[in-house]
Structures are given as C-alpha cells and as structure tokens.
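Below: one structure, written as structure tokens.
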Amino acid sequence: MKHSDASLSSQEAAAFLGIKVETLYAYASRGLVKGLPGPRGGGRRYRREDLEPLRARSAGPAAQALRFGEPVLDTRITRMTAQGPQYCGHLATELASGDVPFEAVAELLWSGALPAGPVRWPHDAPAPPWRELARLLPAGSSPLSALAITLPVLAAADPMRFDTEPASVMARARRLIPQLAACCALVLDTKRLAAASDTGDPVRALALALGVPVGRKTLDLLRCALILSADHELNTSTFAARVAASTGADVYACLSAAVGAFSGPLHGTASELVELLVREAGGPDGTAAAVGQRLRRGEKLPGFGHRLYPGGDARVPLLLERALSHKPRAPRVRTVVALIDAMARAGRPKPNVDVALAAVCGALDLPIGMGPAIFAIGRSAGWIAHVLEQQRTGTLLRPRARFVGVVAGELPGTGGRADR
C-alpha cells in the first residue's frame, strides 16, 4: 500500500501530538489511532486527519479554552446566562425593554453601577476632518471601513490618548462613541455628518447618520439594538481589544484591533450575510426555497445557532418584536420572520442576534450592510469596558504555541492542503 503524502511516520505523528513514540504505540494498541503499513515493510504511517481529533482531545485546558472552551480570564463585566448576557448584574434584555438610555448602560459596563440620575455626554470634542476622510473611502465602502479609518485619525488628533487613568479613558469614550456613530454617514451621505456629529447622544447621532426619522419609536428601536449589542463576554473582537490593551496601547488602538476582528464574516458581519439571504429569498414566499437551495449546496445558514444559547438567543425575541412593532408590514421584516419559520420547520437551529439585527435594518429600510455598523457602535461600549478592566490587571496577554514540527512539502498552517 502506497502511503499518502499527508501521512506521518511514528516519530512525526508523536511530535504532531506532542507525545512520546511509546505513548503513540499505546494509543494504537487501544484503538485510539489507526496505523497504516509503511512502504516496503517500513515502519507504520499515520494519517494526519486521523490524528487531528486525538490532538484536539489531548491539547490540554489552555488550548481547548481558545476553541470556545473553558474560561481563560476573570471578569466583573458580563455574565452569560440562559436569559442572555447580564451586564454587571442586570440582564441586557431587561435594560433594553425598559427606558434605560444606552449611555447609562455604557456607564454601567465601565463602572459596575447604573448612574443614579440622567446621563448627558458632552459633545465638545473637535469634529474629525470629515471631508478628508470621505475622500479616502471608495464608493461602496462599508461602514466598518469608515470606523477603521476614523479611529486612527481621532487618535492622531488626541495628544492625551496615552493617558490610561480610568477617569481619562471614560471621559475620552464619552466623546468617542457618538463620533463613531456619526461616521456611518461617511458611506451613506456626507451631508448628514455635521448634524450627526453635533450631539453627545450616540443613539441620536446614529439615527442622523443613517438618515432615519428622529422620532421616539425609531430612537427606541436603535437604543434597544445598541444595548443588546453592548457586550457579550470574551468574544473574538473583545479578546482582540483586551490583547491590545494588555500591551499598554491607547483606547483608539484597542478599538481598531477590535474592529479588525469584528469585520470577519464569522463574527460582526454575519448580519449582513443574513440580509443578503433575505434579498436572495425575494420575499416571505421565497424563504423555504432559499433555505433549501443553501442546504442543497452544503452551505451553513448565517445567523442561526449559537453555542452559548442551545435553547435560543434571548436577545432575539425582544429585538424582533420591536422591529415588527416599528414597521410590521415592511417586506424585509416579514421575510426575516418567514425565514425563521422556514428554518424551524426544517429542524434547524434557532436564530441569533444577527437575524434580529437584519430585521431592525429592514424595519428602518437601511441599505444592506448597516447591521454590522449598528452592532459595532453598541459593542464599542463593551470593548471599552474590557479595555478598562484589562488595564487594571496590568498583565500582558501572551498565549504560548505548541510547536509540532513541519512536514516536508506542506505550508505552515494549511493542514496538508497546500497542493489541493
């Protein structure tokens, strides 16, 4: 039998697993791994794909923790519960369903206590050079691109950005978040920038930047979406922010790191993929066909299932109800509802917050791609909370890697698929 180019010798397989050769032989005798006859009576070979599950099992607590496993950091910010995230002892759904302002929720995440009275954030920060920033963005740029270029420009204009005293970071954050909300207008309509950046109210700034009516129902829908997006424990973008904070980086740099991690389709931009699926369906009657076609192609449906919520994401019902209340007959909202029903009939996982954000965007008739922007503006409050917490620890986050060797002809990190 000719051995596969992807198979490993006993010594290579033991190094891949991080064990002794004798231990590998013991695994083989117990049936935990299968060896293949070597060429011309040589030593046994082991297929890499057969070793991968065993490697994952034997990787140890630290490695497992980095794969959605056991907790790796202590926090006093958010506790994950079956009822959704709990911000410093307050369920996010209860905060969003009441009349608590988003600013108050941000202050809760930063300080651990809800403010006793009204919260008014200042709006006396110098306006960013909006015109120059708009020239840097090609037509059709995403709002996350606007966030990505706005943060370093604001950092460069702030000579005190390296002041990491908590009071200074929070003061800076109160001016920063409304400006981030306003910068969404960079990719929508630059004529909205002046009004959007002339307020310390992040919800109002976001509404003005998006060009939606600044009425009570609209502001409440956006407030609800921002609060439910504000924090979600140690997700990848938050971890990126904490890693940057652990090096002593300023808050703008930490948020830039977070936005970079957030921009991936497996994290922050999933709601845009849901919106594209809604457009693909073409209306409520087309959702079953759209789901069926995706499943036939072996594609994963975006926005459904969440490992932290096997019983369903508690943030979805409230946000979906608010979207339906705002615009019950909106075609995109009705299509989202039909999509949820079609997935349920197919026995698929329940929707997560990305589906609910797609409904919010449909209710507000926003261009596709605005869901991630709303999500990121809300999550910026949580990112800053984790930056503050990480700065207080004074420790550098620096995981270790376990070197497993390089197999000839294989590129590092490709898992043997370099030539396929």
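The values are calculated or read from the model by the stated rules, or taken from the named source; none is laboratory data. This structure is a prediction, so every number in the text was calculated from the model and none was measured. Every residue, glycine as well, gets a Cβ built from its backbone with ideal geometry; the counts of neighbours run over all protein chains shown. Heads up: the accessible areas ignore ligands, DNA and RNA and are worked out on the full protein's heavy atoms, side chains in. Shrake-Rupley method; radii C 1.70, N 1.55, O 1.52, S 1.80 Å.
The table below lists the values:
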{"item": "Hits in the range 342-361 - residues which are in contact (Cβ under 8 Å) with a residue 40 or more places away in the chain and either on the phi > 0 side of the Ramachandran plot or crowded, with 24+ Cβ neighbours inside 10 Å (or both)", "result": "Pro351, Val353, Asp354, Val355, Ala356, Leu357, Ala358, Ala359, Val360, Cys361"}
{"item": "Residue identified as open to solvent by less than 20 Å² (accessible area, probe 1.4 Å), under 29 Å from Gln83 (Cα atoms), at pLDDT 95 or above and out of contact with any His (no Cβ under 8 Å at 6 or more places or on another chain) among Ala225, Ala241", "result": "Ala225"}
{"item": "Among the residues listed as Ala230, Ala261, the single one being within 21 Å of Ala385 (Cβ to Cβ), small (Gly, Ala, Ser) and under 10 Å from the mean Cα position of the chain (by Cα)", "result": "Ala261"}
{"item": "Scan of the range 102-127 for residues that are among the acidic types (Asp, Glu) and either at positive phi or assigned to a helix (DSSP H, G or I) (or both), ordered by number", "result": "Glu103, Glu107"}
{"item": "Exclusive hit being buried (at least 20 other Cβ atoms within 10 Å of the Cβ) and farther than 29 Å from Lys217 by Cα, set Val169, Val105", "result": "Val169"}
{"item": "Tally, over the range 277-331, of residues that are exposed (fewer than 15 other Cβ atoms within 10 Å of the Cβ) and more than 17 Å from Gly362 (Cβ to Cβ)", "result": "12"}
{"item": "Flag for Pro159 being in contact with a helix residue (DSSP H, G or I) (Cβ under 8 Å, 6 or more places away or on another chain) and surrounded by fewer than 18 Cβ atoms within 10 Å (Cβ to Cβ)", "result": "no"}
{"item": "Residue within the range 242-255 that is within 20 Å of Ile374 (Cβ to Cβ), touching a residue at least 24 places away in the same chain (Cβ under 8 Å), aliphatic (A, V, I, L, M) and in contact with a helix residue (DSSP H, G or I) (Cβ under 9 Å, 6 or more places away or on another chain) present", "result": "yes"}
{"item": "Enumeration of residues in the range 110-141 that are touching a Gly at 6+ places or on another chain (Cβ under 6 Å) and buried (at least 16 other Cβ atoms within 10 Å of the Cβ)", "result": "Trp121, His123"}
{"item": "Tally of residues being at pLDDT 90 or above, in a helix (DSSP H, G or I) and either over 18 Å from Pro317 (Cα atoms) or open to solvent by less than 40 Å² (accessible area, probe 1.4 Å) (or both) across the range 55-101", "result": "4"}
{"item": "The range 378-399 residues that are over 19 Å from Ser111 (Cβ atoms) and of a type outside the set (Ser, Thr, Tyr), paired with ones that are modelled with pLDDT of 95 or more and assigned to a helix (DSSP H, G or I) (beta carbon under 6 Å, 6 or more apart)", "result": "Leu396/Ser246; Leu397/Val243; Leu397/Ser246"}
{"item": "Positions within the range 200-213 being at pLDDT 95 or above, of a type outside the set (Lys, Arg) and open to solvent by 20 Å² or more (accessible area, probe 1.4 Å), in sequence order", "result": "Asp201, Leu208, Gly211"}
{"item": "Any hit, the range 180-195, residues being surrounded by fewer than 23 Cβ atoms within 10 Å (Cβ to Cβ) and part of a loop (DSSP other than H, G, I, E, B)", "result": "yes"}
{"item": "Residue in the range 257-269 that is more than 30 Å from Thr335 (Cβ to Cβ), at pLDDT 95 or above and not aliphatic (A, V, I, L, M) present", "result": "yes"}
{"item": "Exclusive hit being under 11 Å from the mean Cα position of the chain (by Cα) and in a helix (DSSP H, G or I), set Ala240, Ala245", "result": "Ala240"}
